Amino acid sequence: RQMCIRDSISSVYLYDISKDEWKQLAPLKRGRHSHSCTIVNYLSSTAVLVCGGVDRSDCELYDPAKNKWNAGPSLPTTLEGSSMISASSGSSYAAFILGGYYYGYSNVIYGVDKEVSSVERLGTLSKPRGYHIAVRTNNTC
């Protein structure tokens, strides 16, 4: 018999490819796993947006200049195993959250507004999916 232990962690690390070393950053406010994340433009700088995870419907926003995590927008429901991609510079959104799992696989597409203050449902994928990857190509989002 096998057991699967799914621990949530709050540790965050930055990898420097030129030095081949890891640097520990400020921890998330609450541990999470099976979440999604992407880089977003926020207040004229670059930030990391982390959303969802098992039993989580909140988002956190990392400010690299201050090495600090701040509360972000809330998702309409808990969502684990989704994919998130940053939007292109001309988009009305900062990021998109695709699919995921909440009592079954989801086909919902959410948009995170430019101010990174709210999340809204935008549409649906052709098929439900979770624990997948998404990649933006040719600045099409």
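The values are calculated or read from the model by the stated rules, or taken from the named source; none is laboratory data. Since the model is a prediction, treat every value here as computed from it, not as a measurement. With ideal geometry, Cβ positions are generated from the backbone for all residues, glycine too; neighbour counts draw on all protein chains shown. The area values use the complete protein model at the heavy-atom level, side chains included, leaving out ligands, DNA and RNA. Shrake-Rupley method; radii C 1.70, N 1.55, O 1.52, S 1.80 Å.
Taken over segment 35-53, the residue count meeting the criterion of being under 21 Å from THR78 (Cβ atoms) and free of Cβ contacts under 8 Å to residues at least 40 places away in the same chain is 2.
Identify, please: which residue in segment 48-80 is of a type in the set (A, V, I, L, M) and at pLDDT 95 or above and is, among those, farthest from LYS114 (Cα to Cα)? Ranking the qualifying residues of segment 48-80, first place goes to LEU79. Being of a type outside the set (S, T, N, Q) and farther than 23 Å from ILE9 by Cβ is a description that does not apply to GLY100.
Does LYS127 meet the test of being open to solvent by 20 Å² or more (accessible area, probe 1.4 Å), under 15 Å from the mean Cα position of the chain (by Cα) and of a type outside the set (A, V, I, L, M)?
No, not satisfied.
Select from segment 80-136 the residues that are closer than 21 Å to TYR42 by Cα and of a type in the set (S, T, N, Q) and list them in ascending order. Hits for segment 80-136 are SER83, SER86, SER88, SER89, SER91, SER92, SER117, SER118.
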